[in-house]
1. Of these, Phe364, Phe318, which one is assigned by TED's automatic domain parsing to the domain that holds Leu154 and among the aromatic types (Phe, Trp, Tyr)?
2. Just to be sure I understand, how many residues within region 91-115 are assigned to a helix (DSSP H, G or I), buried (at least 24 other Cβ atoms within 10 Å of the Cβ) and of a type in the set (Val, Ile, Thr)?
3. From the list Ile213, Ile199, Ile261, exactly one residue is β-branched (Val, Ile, Thr), farther than 24 Å from Met320 by Cα and in the same structural domain as Gly146 (by TED's automatic domain parsing). Which is it?
4. Within region 291-333, which residues are within 19 Å of Ala116 (Cβ to Cβ) and either touching a Cys at 6+ places or on another chain (Cβ under 8 Å) or of a type in the set (Gly, Ala, Ser) (or both)?
5. How about region 139-171: which of its residues are polar (S, T, N, Q), free of Cβ contacts under 8 Å to residues at least 60 places away in the same chain and not in a helix (DSSP H, G or I)?
6. Hey, among the residues in region 356-382 that are out of contact with any Asp or Glu (no Cβ under 8 Å at 6 or more places or on another chain) and closer than 13 Å to Cys476 by Cβ, which one's surrounded by the fewest Cβ atoms within 10 Å (Cβ to Cβ)?
7. So which residues in region 33-50 are at pLDDT 90 or above and surrounded by fewer than 19 Cβ atoms within 10 Å (Cβ to Cβ)?
8. Filter region 116-131 for residues that are closer than 21 Å to Gly303 by Cα and assigned to a loop (DSSP other than H, G, I, E, B) and give the result.
Amino acid sequence: MTQHNPSVLNEFGWWCPESPPESMTPERLKTLLYNIVQPVVIVDYNGAPHLVTGPGKPCPDKNHDAALPICAVANSHPLEYAGDPSFKNDWNLTYPVVGGSMANGISSVDLVAALAGAGMTGFYGAAGQSLSDVEAAVIQLQERCGDTTWGVNLIHSPQEPALEEHLVDLLLKHGVRRIEASAYMNLTRALVRFRLHGIHRDASGRIVAPHTILAKASRVEVAEKFFSPPPDAILQSLVADGIVTPEQAELGRHIPVAADITAEADSGGHTDNRPLVTLLPSFLSLSRSLQETYGYDTPLRVGAAGGISTPGSVAAAFAMGAGWILVGSIAQSAVESGSSDPVREMLAEVRQAEIAMAPAADMFEMGVNVQVLKRGTLFPMRARKLYDLYREYDGIEALPPKDRQMLERTVFRMPVDQVWEVTRRFWSARDPAQIQRAETDPKHRMALIFRWYLGLSSRWANAGIPDRKPDYQVWCGPGMGAFNQWVRGTFLEAPAERRIVTMVLNILWGSAVICRALQIRSRGIALPQSLLDIRPQPLERVYQYIGRERKEP
């Protein structure tokens, strides 16, 4: 660790310490780097880099007594300075961290409240939940979160557009002003209706849109739709039905559907498996281009998701220009999530390659896949078999006897006719049109029967039903395996210790330590690899390192 480039010594100027500097051992340097709010000054002393730890001051030139050339400086790196300042200001956040929504209440009230209470934000996982369950969660969040920032998920439901409309009705009724829009391929009327609700000009003539959308997207063409104003066809439809006024529709033509988009790379759940190192720069370039095209009053901003689970991944995301980070898979493993202890134990053991793509329950007929856990479950294989049968045959009655028997024996664990009766009762209450269509379309009937298994598989996992463990559908990306590797041998290896704020603040703080170490290395000073291996710390110690008081309850 003694190598350095003499040609850059004078670029930082000179330092006049009041006492001799100390030797720069890896252990001592790491200790200083951990305290991220204090700068670290390294000087050349007797031809080798040394640490300045005692009192001193900068010198104007080398002619001052005891002046030593400065080799490198690791700047102060407060976590509240990370990310996009305008995003944190608009969202009233201390830290640029978002807890992404996970369906069926996996992003639970407890999880969202914990993030909000710690100066971050999260979105309740409304997808797959009944309206009454979502309403109960919203009421709890309003009671628990006070003036902090939180929101609710709105997921694209192309097969059931009425679901989006009903959920928007509920959110507007309760005054929810922030949603996370996920899995969208096209903009919908419900989405635009939420965005334009209450839009007006203030006394100064500035357009005010009280309702905010944070979109998740994994394709540039989808991001472009969100960064653009609402389509005229949707605006005209809303005006025709008296939902927005012509004046509000005109205002809508001057704002983006979503000013904030999270670039969702190789994540759990709905994903296109894009590498973050290519997806994020593409989204950032798009945001700059469309900002110039439309001249919005507010900036277009981009965050990062997919594989965000270690200090290195966070540091990389911010280095590429991410305005915030979004966590998903590791949040599901947190004790506050709406998942079950058996699933948390499975997640704590997964490695990066132990995941797979499987058909999605909500977009089964469209061939859309989600990324799920492969280790410890047969769900990916069984779900793929269902989709293969759906593609090959025109209905349940057309299945070969051996395939039907296999489904009844190992997948459904009940006769197909019984599955259909349960399915028919469900859709009769939820959306009778689905049953009407199934009565005349055998292939749609087969799809609904197969979706019975796909839909319940995630609920079996959330409930931790023991005899259904082989059928657990657990949304998971490779970032979960990276997190497990990082925490191996530490207190966070145990599922019971994985509290969401502890995990997130550790990776955020660790990223700051890495950035400080790399500042030193960029000055030609060779550092041992161990300095970049930042190990998790107890939450109280992290708060000491970041120089802030603990915020969450």
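1. Matching residue, one of Phe364, Phe318: Phe318.
2. Selection size over region 91-115: 1.
3. Sole residue among the options that is β-branched (Val, Ile, Thr), farther than 24 Å from Met320 by Cα and in the same structural domain as Gly146 (by TED's automatic domain parsing): Ile199.
4. Gly303, Ala305, Gly323, Gly328, Ala331, Gln332
5. Listed by number, the residues that qualify are Thr148, Thr149, Asn153.
6. Once the filter is applied, the top-ranked residue is Met357.
7. Within region 33-50, Asn35, Val37, Gln38, Pro39 meet the criteria.
8. Ala118, Gly119, Met120, Gly125
The values are calculated or read from the model by the stated rules, or taken from the named source; none is laboratory data. Being a predicted model, the structure only gives us computed values, none of them experimental. Don't worry about glycine lacking a Cβ; one is built from the backbone with ideal geometry, like all the others, and counts go over all protein chains shown.
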